[in-house]
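All remarks here apply to the structure that follows.
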Amino acid sequence: MERLANCQSIASPYITCSKSLGAVQSFNGRASMSPMSLATCAYVCSTGSPPLVLSGLGRANMGRGPGFPSFMRMARSRHLQRRVQSLVSVRGSSFQGEGDDNSGSKHESPESSVFRHSPSHGNNLAAWNKWHTVLPENEGENHPIPASNLFQVIKCSKDRKFKIDYLRESTKGDMKVRPEAFEFGESSLKEVAASLDGSIEEVAKAEAMEAESLLDSLHIPRRFPHGVASRGIFCSRTLSLRSITTIGYDMDYTLIHYNVNAWEGRAYEYGMSNLRSMDYPVDGLKFDPELVVRGLVLDKKMGNLVKADRFGYIKRAMHGTKLLSNREISELYGRELVDLRDEGRWEFLNTLFSISESVMFMQMVERLDEGSLPPEIGPMDYKGLYGVVSKSLFKAHVEGQLKAEIINNPELFVEPDPELPLALLDQREAGKKLLLITNSDYLYTNKMMQYAFDKYLPNGMNWRSLFDMVIVSARKPEFFQKSNPLYEIVTDDGLMRPCFKATPGKATPGGLYCGGSALMVEKALGFHGDETMYVGDHIYTDVSMSKVHLRWRTALICRELEKEVKALAYGRDHRAKLIELMNQKEAVGDVFNQLRLALQRRTAGRPAQTDEITNMDERELTENMQKLFVLMSRVDQKIAPMLDADGEYFNQRWGYLSRAGLWDKSHLTRQIEKYADIYTSRVSNFLRYSPFMYFRSQSQSLAHDIDIESSDAEGDELPAMSHGSNSRELERLVESSESITPRRR
């Protein structure tokens, strides 16, 4: 790097006042300037723009570049002396990410350096000079540049240069090394860059291994897939958390996890009590949480509970509390598909809150089939029975008896997660706005959040200090579609007053509101679309509606995933044996089918597939077919119970949550893939990934994703793929395609 021969300072655009004057005095030996503040020696011509002035100032300090003589002439001309003090202080403070945004932003590009952790200099040049003495170029000492000053964060993605990356994700929030640090900074940066020369594939592989070792040495728990799989965050659609500016959370079964047996069991008891008061026969019935799982579908017309695959075909079914056989399922439904758009018939179990209602309904279906309902109730079909069950449980919620019991004894129902508040604290300190949007009322929300959050937060913080806005009684899913009246909660006991317009002035950090709409919140806090992520446990109310109507990014919380992942691990050997048996049966079946085809052709007086099989003895052909047929029958007898048992580690009736049958995905999995960008078992799992994680979706297997045999790879060669090819390389690629045979093309 070029330096002035008589300049004693190390080259840098960040230099103290005295060294700047030293560089000025060394210009031509004729300048005689006494030591004074940098502000009084940096004079600007009336036509010079501030960026040009700073460029000249930087080059003047460096003693290099074409801007140096012109800058010195401007400095000597002493024009516009009254503007200099404000210019230097404004440029200094705004460059560091402080100061007046209105003045500083006029001269900054959208990707300007932003160092939020640097001191606010303003007009205090003494503070400015004091801060710069810690940099390595001062006094020639090799002090490292502070990390907060070495990096810059992209705060605005308006500049097309930084708008999206190669996976079409926004680069907003990405961090990069300050360009000046490479050009003028400490030599170690260039040494690091030089050490990465060579084959990038080999370098990346080696450095990745070193990075993993560094995590281990720092005792930082690894994320999945290197850590605990059951606590992983799984990605359906690529998502960069760095570009997310606002994260909204549901509360029940999202930020607050309930003991399912305790909460749903108590809800079941209140619902059954209401049915008993209406003379329904409920004696002897008990809550069975294993009877149903999330993701099943209620057939209100037939009184069945069914499990469908991703296409809607029914794979398993239960009438009352009895599982139906494959023959019975075929007779009832044939090729009929589950269509969730038919809300009058099908009810999808979106959340754990659905468990108590479903258990009640299936048990009451048996009582209806037995004829146990009293005559005074009148004629009743399955659909009418579902309406009665649903209303009895809804009444238990509306009357508040259940929630009052939970408020008084939260330790019996709530399972606190000490890591969860810390995960949200990381997100807030990373600059993200946090929202709480729940359908629960204020008093219940406040009590639950106090119990689950306050004791785990540091420095006397409470749960309210984590959120920029809290919306209770939100009335989701209408919250994401319509505009409801908005009220501001102004007292601790929940007293409200109308709030006709949510504005940035009204929606202050920690603001507490009731009702309203998502559009009001977007306008108040200044966010929209894919800069926002909403996290909830309800596939329809939380995830689907926010995705479809607002295009928010989404995260689904599904606590059962922890059991599901462990069950898949326990069942791996069983599944491998089952697949091996099915592959063997398929191989035997292929031979049997070929012999059957040969017999068919020979019977018709035509030659079989080959001369050998055409000339095979009739008796030998028949004996081989009989032997293979008996073998396949016995293999089927072995496969059938193994197939029924597949997934019993998760649930003996319904199998795995995510699968329907051996090969296919369940309807629940299809809903998750369609509407949830990421999904995980609990919010605290974000603590293992950091607020800057880049989630990349994995390769999806297709039917033709098979191992290609060597014979398939022989023959004409296809042109090699060109990575980052220029136009000429593209032309050569097109030209080479002309030599490909028509069969391969």
Q.
Filter the stretch 548-581 down to the residues that are surrounded by 15 or more Cβ atoms within 10 Å (Cβ to Cβ) and among the hydroxyl-bearing types (Ser, Thr, Tyr) and list them by number.
A. THR554
**Q.** Breaking point among (1) crowded, with 20+ Cβ neighbours inside 10 Å; (2) part of a loop (DSSP other than H, G, I, E, B); (3) among the aliphatic types (A, V, I, L, M), for MET461
**A.** (1)
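Looking only at the stretch 649-670, which residues are without any contact (Cβ under 8 Å) to a residue 60 or more places away in the chain and not aromatic (Phe, Trp, Tyr)?
ARG659
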Q: Determine which single condition ALA317 fails, assuming it passes every other condition in (1) touching a residue at least 40 places away in the same chain (Cβ under 8 Å); (2) over 30 Å from TYR442 (Cα atoms); (3) of a type in the set (A, V, I, L, M, F, W, C).
A: (1)
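From the list ALA404, ALA396, which one is in a helix (DSSP H, G or I) and either in contact with a Ser or Thr (Cβ under 7 Å, 6 or more places away or on another chain) or surrounded by 19 or more Cβ atoms within 10 Å (Cβ to Cβ) (or both)? Lay out the reasoning, then the answer.
Values: ALA404 fails: either in contact with a Ser or Thr (Cβ under 7 Å, 6 or more places away or on another chain) or surrounded by 19 or more Cβ atoms within 10 Å (Cβ to Cβ) (or both).
Result of the check over ALA404, ALA396: ALA396.
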Q. If you go through the stretch 292-326, how many residues are touching a Lys or Arg at 6+ places or on another chain (Cβ under 7 Å) and in a loop (DSSP other than H, G, I, E, B)?
A. 4
Q. Quick one: is VAL535 surrounded by 19 or more Cβ atoms within 10 Å (Cβ to Cβ) and either in contact with an Asp or Glu (Cβ under 8 Å, 6 or more places away or on another chain) or at pLDDT below 95 (or both)?
A. yes
Q | Residue ranges of strands (runs of 3 or more DSSP E) in the stretch 127-242 with at least 2 members on the phi < 0 side of the Ramachandran plot, at pLDDT below 65 and surrounded by 15 or more Cβ atoms within 10 Å (Cβ to Cβ) | A | none
**Q.** Of residues in the stretch 324-378 being in contact with a Ser or Thr (Cβ under 9 Å, 6 or more places away or on another chain) and without any contact (Cβ under 8 Å) to a residue 60 or more places away in the chain, the one farthest from ILE539 (Cα to Cα)
**A.** GLU366
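Tell me which residues, restricted to the stretch 274-288, are of a type outside the set (Lys, Arg) and under 20 Å from ASN261 (Cβ atoms).
Taking the stretch 274-288 and keeping what is of a type outside the set (Lys, Arg), we get 274-275, 277-285, 287-288.
Selection gives VAL282, GLY284, LEU285, PHE287, ASP288.
Would you check if THR622 is of a type in the set (Val, Ile, Thr) and touching a Pro at 6+ places or on another chain (Cβ under 9 Å)? Break it down stepwise before answering.
Values: of a type in the set (Val, Ile, Thr): yes; touching a Pro at 6+ places or on another chain (Cβ under 9 Å): no.
No: the conditions fail for THR622.
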(Q) Being surrounded by fewer than 19 Cβ atoms within 10 Å (Cβ to Cβ) and either of a type outside the set (D, E, K, R) or within 20 Å of GLY511 (Cα to Cα) (or both) is the filter here; which residues of the stretch 415-424 pass it? (A) PRO416, PRO418, LEU422
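The values are calculated or read from the model by the stated rules, or taken from the named source; none is laboratory data. It should be emphasised that the depicted structure is a prediction, and the values quoted were computed from it without experimental measurement. Positions of Cβ are backbone-derived with ideal geometry, glycine not excepted, and every protein chain shown enters the neighbour counts.
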